[in-house]
Amino acid sequence: MRIDKIENGIVIDHIKSGQAMELYKMLGLEKLDCQVAIIKNAESGKMGRKDIIKIDQMIDLNLDIIGYVDPEITVNIIRNGEREKVAHIELPDEVVDIIKCKNPRCITTTEQELPHVFKLTDKENRVYRCLYCESKAK
Amino acid sequence: MKHLIDIMELTVEEIDEMIAVAKDIIADPDKYAEKCKRKKLATLFFEPSTRTRLSFEAAMYELGGNVIGFSEAQSSSAAKGESVADTIRTVGAYADIIAMRHPKEGAPLVASRKTIVPIINAGDGGHNHPTQTLTDLLTISREKGRFNDLTIGLCGDLKFGRTVHSLISAMSRYENVKFVLISPDELKIPEYLKEEVLIKNNIEFVETADLEEAMPQLDVLYMTRVQRERFFNEQDYLRLKDSYILTPDKLVNAKEDLSILHPLPRVNEISTAVDDDPRAVYFEQVLNGKYIRMALILKLLEVK
């Protein structure tokens, strides 16, 4: 299968196979007017199978979301058909309004307009906990 | 330190300092009788409580201060749907310090971000209850004279008991502390506490279901209640409930200087026949709760 090269835009590569749709939704890519290609189960030397998202436009991406989903994902900026740079993704120390606290006893369930904040508490195991109730992010 | 939301925000030195002040208050209460004159403590109890609210109020009165507040959400504007943030901003205009209990986990943290007045977490759901832990620590300090070199047994509901979790975290910072975790399988301490506190800090602990077998080695026994609603079936509850009720015969092989603590309220997990045993200190613990809260109020109000 062939997906055309993009001239100016972003390629999100090395997404774990099956995770592209989740990332697509979290990044709010459905709101874009430009062409967006989701390639599932592409062959990868390193990963066996991987997903790729190609966005045919320069946009501001929230790298914290990508870092939270998987810091191994790479973000390539393409300009004039050439890869200009690879954005370095890190596991963010804190994510705000990216995930919601699922604990029904958490204050976020009742307090209006309270941001949902999660802190990285265990880098090795990628554990995020709610700032307020300390429940583990699922 | 401005607020007290979680016991682990306090350094060991800050805890030592507050315990020293509490002991000084016990030795010479008159010296402190007017320390908080003209200061107001607001007790905002969105959820009922007897001991915690009354001990905060008694603490403030004994410091010469005054108390305002409410003892249930129904008698506050929370019943009209007011947010915690708005309630706190309002109360912060009237009071010098606020002690707050709320059924939602994290509510005191939200409050502390909305006011310059010190906030004390007086319990947020099943999450934190730092002043109970301070109470437990003062009791251990007064009874044992040290925090190091202790074998601490925690018995009963170790899964849901917030006071157990905080006490383990707080005591894990001292040297040569060993925990004996006594509970039925259904109510063992959560995995994260085992991994993130005990194993990570290389702390010795054993898990057992047998209170009597564990008894001879204990310096401190912290009892909690095994609640019927925590079990999946009635048979398991009936089978296990008596194993975790402390009676005089279970204390036969206990050390003579054992200290028996309980955060209270007790239902039936300690037989009243144990109350007269000199090793039972749970009612002294209640009194210690008032003294340590006095020390905490002084610290947060920066009164010397």
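Key figures for this structure:
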| read-out | value |
| --- | --- |
| Count - residues of the range B:15-63 that are small (Gly, Ala, Ser) and not in a helix (DSSP H, G or I) | 3 |
| Options A:Asp64, A:Asp97, A:Asp93, A:Asp56: the member that is surrounded by 16 or more Cβ atoms within 10 Å (Cβ to Cβ) and closer than 30 Å to B:Asp124 by Cβ | A:Asp64 |
| Subset of the range B:114-135 [surrounded by fewer than 24 Cβ atoms within 10 Å (Cβ to Cβ) and either on the phi > 0 side of the Ramachandran plot or facing another protein chain (nearest Cβ under 10 Å) (or both)] | B:Gly125, B:Gly126 |
| Residue count, the range A:101-138 (criterion: within 28 Å of B:Arg101 (Cβ to Cβ), out of contact with any Cys (no Cβ under 7 Å at 6 or more places or on another chain) and polar (S, T, N, Q)) | 4 |
| Residue that is in contact with a Ser or Thr (Cβ under 8 Å, 6 or more places away or on another chain) and surrounded by fewer than 16 Cβ atoms within 10 Å (Cβ to Cβ), where the choices are A:Lys25, A:Lys50, A:Lys46, A:Lys40 | A:Lys40 |
| Residue count for the range A:94-138, restricted to those that are acidic (Asp, Glu), at the interface with chain B (Cβ under 9 Å from one of its Cβ atoms) and outside any loop (DSSP other than H, G, I, E, B) | 1 |
| Criterion (out of contact with any Cys (no Cβ under 8 Å at 6 or more places or on another chain) and modelled with pLDDT of 95 or more) met by exactly one of A:Ile77, A:Ile53, A:Ile98 | A:Ile53 |
| Matching residues, the range B:56-103, being of a type in the set (Asp, Glu) and within 14 Å of chain A (Cβ to nearest Cβ) | B:Glu82, B:Asp86 |
| Given (1) modelled with pLDDT of 95 or more; (2) part of a strand (DSSP E or B), index of the condition A:Lys85 fails | (1) |
| Among (1) touching a helix residue (DSSP H, G or I) at 6+ places or on another chain (Cβ under 9 Å); (2) more than 30 Å from B:Ile15 (Cβ to Cβ); (3) not in a helix (DSSP H, G or I), the one test that B:Asp276 misses | (1) |
| Considering residues of the range B:205-230 that are part of a helix (DSSP H, G or I) and within 23 Å of the chain's Cα centre (by Cα) only, the residue surrounded by the fewest Cβ atoms within 10 Å (Cβ to Cβ) | B:Glu229 |
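The values are calculated or read from the model by the stated rules, or taken from the named source; none is laboratory data. Here the structure is a predicted model, which is why all the values come from computation and not from measurement. Positions of Cβ are backbone-derived with ideal geometry, glycine not excepted, and every protein chain shown enters the neighbour counts.
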